[in-house]
Each structure stands twice: as structure tokens, then as C-alpha cells.
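What follows is one structure encoded as C-alpha cells, with my remarks underneath.
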Amino acid sequence: MAELDALQNGGTAVDTAERIPTVVADDVHLIYRVHGGGTGAVTPVAALKRLVSRTPAPNIREVHAVKGVTFTAYRGEAIGLIGSNGSGKSTLLRAIAGLMPVNRGAIYTQGQPSLLGVNAALLNDLSGERNVALGCLAMGMTPEDVRKVTPEIIEFSGINERGDFSSLPMRTYSSGMAARLRFAIAAAKKHDVLLIDEALATGDARFRRRSEQRVRELRASAGTVFLVSHSISSIRDTCERTIWLESGVIRADGPTRDVVAEYEGYMRK
Amino acid sequence: MPHTAVADADSGLSPAQLAARHGLGVAGERPTLAAYTRQLWSYRHFIAAYANAKLVAAFSTARLGQLWQVLTPLTNAAVYYLIFGVILNTKGTIPNFIAYLCVGLFVFNFTQTVVLGGVQSISGNLGLIRALHFPRGCLPIAVTLTQFQHLISAMVVLVGIVLVSGEPLTFEWLLVLPALLLQSIFNAGLALAMARLGAKMTDLKQVLPFVMRTWMYGSGVLYSVDNFSKHLPEAAVVIVHANPLLIYIELVRHALMEEVILTSSAWQLWLMGTAWALLVGIGGFVYFWRGEREYGRG
């Protein structure tokens with residue numbers, strides 16, 4: 001204990017190679033409720049009957065998506081999250097981002113993690129340029145910073161490669177273009193923890209290469225990156241550590257090469 | 001279940017101890033009220049940009065575009081004038097009915113649009129909320145700001161109507177500014193409260209238009225609320241007179257019009273208007289802040 005105190009107070013005694021944790025998940029359980037999609041009757045009479053008899057709507061169901069996950073992520077790491085569909089990867093990312101309450105256990109994070117998902121909608125009626133400005137301001141940049149980075153973001157997203165799209169409303173963009181712009185906005189800021197949920201999947205091959213390069217840069221600037229992807233090659237290219245989730249439980253956690261080999265063996269079955 | 005593959009100096013600690021040692025916070029924790037207020041202030045540029053963006057987007061698909069900012073209040077006033085002024089002839093008892101009606105309509109419309117926009121400001125922006133981290137209070141405040149900009153163009157129309165209807169331009173007109181400022185604070189608080197309610201109670205959106213219509217009939221927009229005192233008991237009349245929207249409407253009427261009959265004396269109106277603004281403004285803000293963790297979850 002005395003040694004621990006010395007570490008905290010002294011600072012100089014700390015080994016410079018010491019790894020600093022940025023995300024700590026401690027026996028995390030996540031349960032979410034799904035509305036709709038049920039098979040119950042959807043007539044007004046049925047709804048009234050439920051109100052009178054005080055039974056919950058039949059189309060609300062609970063899904064125990066993550067069952068006791070424990071791991072520690074460190075600064076400068078890029079961690080791939082793999083697993084079959086519905087294994088709880090996206091749910092876990094949303095909880096790390098603080099967008100979903102934890103039912104049991106706890107998640108501790110350094111600063112405010114940012115989640116970048118495919119459905120991160122911006123304002124469709126506005127031009128790409130205005131969306132860039134809004135997105136940057138929403139990430140806490142000052143107006144001067146925004147003016148400086150806007151051309152860089154437009155350039156990086158490549159939406160102007162086919163003419164002047166940045167001044168057109170976003171509803172005229174293809175899904176790939178919109179996803180590229182969203183990624184470009186989120187990647188414009190240094191994040192302590194960046195969570196990427198399949199966001200790179202929609203871009204074309206050239207953009208994918210560029211964004212993978214950007215992920216590596218973000219990592220080098222002392223951040224932690226989580227990447228959810230079904231594209232094993234992009235996990236292999238960007239992450240040195242991989243966590244394999246299956247039915248809400250960690251099946252493997254370790255160097256990407258080993259975990260991916262094990263995962264591919266499992267998926268072939 | 002394998003844990004982290006690599007052991008280091010921290011390996012003896014439990015996850016909670018490890019987190020505490022490196023100063024990690026619990027994900028999605030709510031800031032203190034003071035910190036939250038500071039955060040909101042540092043996001044003022046975002047609020048302004050968002051409000052402005054909504055203003056631009058509102059009429060972007062209409063051919064006449066921003067002209068609708070002026071045409072909407074004008075058309076609104078014309079419809080009510082036709083029904084209540086010409087056909088039902090309520091104007092008989094009220095001097096300068098057209099100015100009376102327009103003030104009531106435009107001031108009421110400010111609160112009405114803020115409430116209807118505020119209730120959807122969280123539930124209608126889930127994509128934005130789930131994608132980016134910013135104090136959620138930005139959204140309902142931006143709604144208030146957008147509608148305030150609409151109000152300004154409505155006010156330009158109103159000044160024209162009031163002048164044409166024969167009212168003289170006096171120094172008293174300056175009182176419009178503090179009156180609308182108080183109403184804006186009141187509206188911001190209301191938008192914040194509605195945003196939290198609307199985030200949880202999805203049915204509220206369907207009910208609110210009826211609530212707002214009831215409120216309009218009780219606020220002396222189309223006729224004088226003196227009509228009520230003939231039919232209501234004494235206690236109910238007190239409640240009618242304490243209606244914040246009636247107060248703000250009367251304050252603006254008092255500022256712009258010469259011969260207007262007020263329900264309470266002018267200083268009483270100012271006092272009640274300030275009290276309502278502080279009560280709802282601060283109350284709504286605290287109520288919204290207490291739910292900050294929940295928005296966009298589940």
C-alpha cells in the first residue's frame with residue numbers, strides 16, 4: 001500500500017513504460033428492452049384492453065445482450081471486437097460511450113468516449129458543409145477551429161471528388177458518401193477513446209484505406225480505438241489486440257493473430 | 001473466461017481500484033448543476049449554429065423559401081380576423097380589434113411553437129444524441145432560439161399592422177423588449193421541461209396540440225377573458241388572471257396599444273411576468289438537468 005501511495009504522489013517513481021488504462025469494464029451486464037416487432041395484436045381495442053388489465057405490451061421484450069464482460073483497455077491500443085451477428089458487440093460499445101445504462105457491474109472511462117456508428121444521423125436538410133460545422137461545434141470545438149478544419153474534413157471525406165457536393169443537402173448523398181462524411185467529422189478531433197461501429201464498412205476501397213490510416217494516426221496520438229467490424233482484414237490491418245464476443249460472453253481476448261485464427265476456425269464449423 | 005492477456009504493475013488490483021487509481025470516471029455520469037451550466041455556456045456556438053440551421057432548414061423545400069417567415073404569421077392573422085372579427089363580430093367590445101388579435105396571436109404562437117418543438121427536441125434527435133456528446137440542454141434551448149428568430153420577423157409584421165391600424169408610435173413601445181425577454185426565459189424553461197417529459201412519454205406529442213388549444217382559449221387571444229368572469233366563480237377568475245401567457249400578451253398589448261383594458265394593473269403584470277419567468281426558467285432547467293443521464297438511452 002505504501003508503495004502504491006508513493007506511485008501516486010511521487011510520480012517520478014513511475015516506470016515510464018507503465019501502461020495507462022483508458023477503459024475498464026468490470027463484470028458488465030447489459031439488458032435492453034426491445035419495443036415493437038412483436039406478434040401481438042396492434043388494434044386500438046387490444047391496446048385499450050392492455051391498459052385496463054395492466055399487462056405490459058406484448059411487443060416489449062428483454063434481451064440480455066452482454067453477460068459479465070471484464071477487460072481493461074490501455075492508451076495507444078487499437079482493439080478489434082469480433083463475433084457473429086447479435087453477439088452484443090454494438091451494445092457493449094454503446095455502454096462504453098455512456099449511452100446505455102449498465103445493469104450490473106461498472107464501466108470506467110478516461111474522458112468522454114465517442115461512438116461513431118453507421119446510424120449517426122446528422123441533419124439531412126442541410127448542406128455537407130453546414131453539417132461539418134455543426135458536428136465540430138457539437139464536439140466542443142471553437143468557431144475558429146471549425147473554420148480551420150472544415151476544408152480538411154471535406155478533403156478527407158472525398159465527397160467533392162464528383163463535383164461540389166459539400167454545398168448540397170445531405171439528403172442527396174449516397175449512403176456511402178454520408179458515412180464517409182460522418183467518419184471524417186468524428187476523426188477530425190483527438191479522442192481519448194474512439195469507438196467505431198461498422199462505420200468503415202460502407203466506404204469504397206480507397207476510402208477504407210484512408211480511414212484505416214486515420215485510425216492508426218488517432219492511436220499514435222495516445223488514444224484508444226475500439227473497432228467493431230465483420231471485415232476480418234480491416235481488423236487485422238488496424239488492431240493488434242482483439243476481443244471475441246459470443247452470446248454476450250468473451251470467448252477470447254489477446255493478440256489479433258491468435259484470436260482471429262480461433263474465430264475463423266469457429267465460423268467455418 | 002480469459003482476462004487481459006498481459007500482466008503488469010496493476011495486476012493485483014480489482015478493476016474498480018485500477019479505475020480509481022488512474023482517475024477514470026464512470027461512463028455517462030451526470031455533471032453537477034454548476035458544471036452543467038458551464039458546459040452549456042461553452043457550447044453556446046453550437047446552440048446558435050443549430051438554431052440557425054433549423055431556421056434555414058425549415059423552409060428549404062418550399063419555393064417561396066424564407067418569405068414564409070413573414071407569410072405564416074400574416075396568413076394566421078388573416079384567418080382569425082375573418083372568423084372572429086368579420087363573421088362572429090367579437091370586435092364590437094374591443095377597441096382596435098385587429099391589433100389586439102395580432103398581438104395575442106403572435107405572442108401566443110411563440111410559446112406554442114416552442115412547446116411543440118421542445119417536446120420533440122430529444123425524441124426527434126436521437127441520431128444526433130447517440131452519435132455525439134454534448135450537453136443535451138443545447139437542443140431545447142436551440143428550439144427556443146429558433147422560434148425567437150421567427151418571432152422577430154413576426155414582430156416586424158406586427159409593428160406594421162399596429163401602425164396601420166392607427167396606434168401612435170410612443171416610447172412605451174420599448175417595453176416590448178423586456179416583456180419578450182421574460183417570455184423567452186419562460187419559454188426556454190418550458191421547452192427544457194417538455195423535452196424531458198417528451199423523451200419518456202411518447203404519447204405526449206399527440207396530446208399537446210389539444211392542451212395548447214385549450215391554453216389559447218384561456219389566454220385572451222381572440223377575445224377578452226372578461227367574458228369568463230361572468231360565468232366562473234371568483235377563485236377560478238384568479239387562476240385565469242395568473243395565466244402566464246395572458247400576462248405576457250397583455251404586457252405587449254400594454255406597450256403597443258393606447259386604449260387597452262388590462263385584467264390586472266400594469267405593475268402587477270410585470271411582477272407576475274417576472275415571477276413566472278424565474279420559476280419556470282430555473283425549474284425547467286433543473287428538471288432537465290436531473291434527467292441528463294437518461295436521454296438517448298434504452
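Computed from the coordinates by the stated procedures, all read-outs in this text should not be read as laboratory data. Owing to the predicted nature of the structure, the values given are computational and were not obtained by experimental measurement. Here Cβ is always computed from backbone atoms with ideal geometry, including for glycine, and neighbour counts include all displayed protein chains.
Read phi for every residue in the stretch B:76-83 and hand back ³J(HN,Hα) as whole Hz from Karplus 6.51 cos²θ - 1.76 cosθ + 1.60, θ = phi - 60°, with x for Gly and Pro.
My calculation for the stretch B:76-83 gives 4, 4, 4, 4, 5, 5, 4, 6 Hz in order.
So if I take the centroid of the Cα atoms in the stretch B:112-145 and the same for the stretch B:258-287, what is the distance between those two points in Å?
25 Å
Dipole size in debye (nearest 20) for the protein assembly as shown around its Cα centre, Lys and Arg Cβ +1, Asp and Glu Cβ -1? Spell out each step's value before the answer.
Values: 51 positive and 42 negative charges, 271 e Å.
The dipole magnitude comes to about 1300 debye.
Averaging over every viewing direction, what projected area does the convex hull of the Cα atoms of the stretch B:31-292 cover, in nm²?
Averaged projected area of the stretch B:31-292's Cα convex hull equals 15.4 nm².
Calculate one ³J(HN,Hα) per residue across the stretch A:205-211 by plugging θ = phi - 60° into the Karplus curve 6.51 cos²θ - 1.76 cosθ + 1.60, and present them in order as whole Hz with x for glycine and proline.
4, 5, 5, 4, 4, 5, 6
B:Lys230: which lysines have alpha carbons under 21 Å from its alpha carbon, excluding same-chain residues fewer than 8 sequence positions away?
B:Lys91
Report, by chain and number, residues whose modeled amide H sits under 5 Å from the one on A:Ala252, excluding near sequence neighbours (fewer than 5 apart, same chain).
Residues meeting the amide H criterion: A:Trp244.
If packing is taken as the average number of other Cβ atoms within 10 Å across a peptide's residues, how do A:27-33, A:167-173 rank, most packed first? Each step should come with its number before you reach the end.
Numbers: A:27-33: 17.7, A:167-173: 15.6.
Highest to lowest by the protection proxy: A:27-33, A:167-173.
Enumerate the lysines that B:Lys54 could reach by cross-link, defined here as Cα to Cα under 27 Å, with residues fewer than 8 away along the same chain left out.
A:Lys148, A:Lys189, B:Lys200, B:Lys205
For the stretch B:31-292, calculate the relative contact order in percent as a whole number, restricting contacts to Cα pairs under 8 Å that are 6 or more residues apart.
Relative contact order here is 27 percent.
For chain B, find the longest principal axis of its Cα atoms and tell me its angle to the long axis of helix B:244-256, 0 to 90°, nearest 10.
50 degrees
Sorted from fewest to most neighbouring beta carbons within 10 Å, what does the list A:Thr109, B:Thr93 look like?
Exposure proxy ranking, most exposed first: B:Thr93, A:Thr109.
Taking only Cα atoms, what is the 0 to 90° angle, nearest 10, from helix B:266-290's long axis to the longest principal axis of chain B?
That helix lies at roughly 20 degrees to the long axis.
Can you give me the angle between helix B:204-217 and the longest principal axis of chain B, using Cα atoms only, in degrees from 0 to 90, rounded to the nearest 10?
Approximately 30 degrees, to the nearest ten.
With θ set to phi - 60°, apply the Karplus curve 6.51 cos²θ - 1.76 cosθ + 1.60 along the stretch B:59-74 and write out the HN-Hα couplings as whole Hz, x wherever there is a Gly or Pro.
10, 5, 9, 8, 5, 7, x, 5, 4, 5, 4, 8, 5, 4, x, 5
Leaving out same-chain residues fewer than 8 places away, which aspartates and glutamates sit with a Cα under 14 Å from that of A:Lys49?
Answer for A:Lys49, where 14 Å is the Cα cut-off: none of the aspartates and glutamates qualify.
With just the Cα atoms defining each centre, how far is the stretch B:159-219 from the stretch A:221-254? Give it in Å.
Rounded to whole Å, the Cα centres lie 52 Å apart.
Counting only other chains, and only Cβ atoms inside 10 Å, what mean value do you get across the residues of B:52-63?
Rounded to a whole number, the mean comes out at 3.
How shielded is B:44-50 by partner chains, expressed as the average number of their Cβ atoms within 10 Å of its Cβ atoms?
Counting other chains' Cβ atoms within 10 Å and averaging over B:44-50 gives 5.
With a bin width of 20 angstrom, please list the P(r) values of the protein assembly as shown as percents of all Cα-Cα pairs, from the 0 bin to the one holding the largest distance.
P(r) over the protein assembly as shown, rounded to whole percents: 18, 43, 28, 10, 1.
What average number of partner chain Cβ atoms lie no more than 10 Å from the Cβ of the residues making up A:101-107?
The shielding value for this peptide is 3.
Springs between alpha-carbon atoms under 10 Å, Gaussian network over chain B: tell me which of B:Gly85, B:Gly23, B:Gly137 tops the mean-square fluctuations.
Looking only at B:Gly85, B:Gly23, B:Gly137, the biggest GNM fluctuation is shown by B:Gly23.
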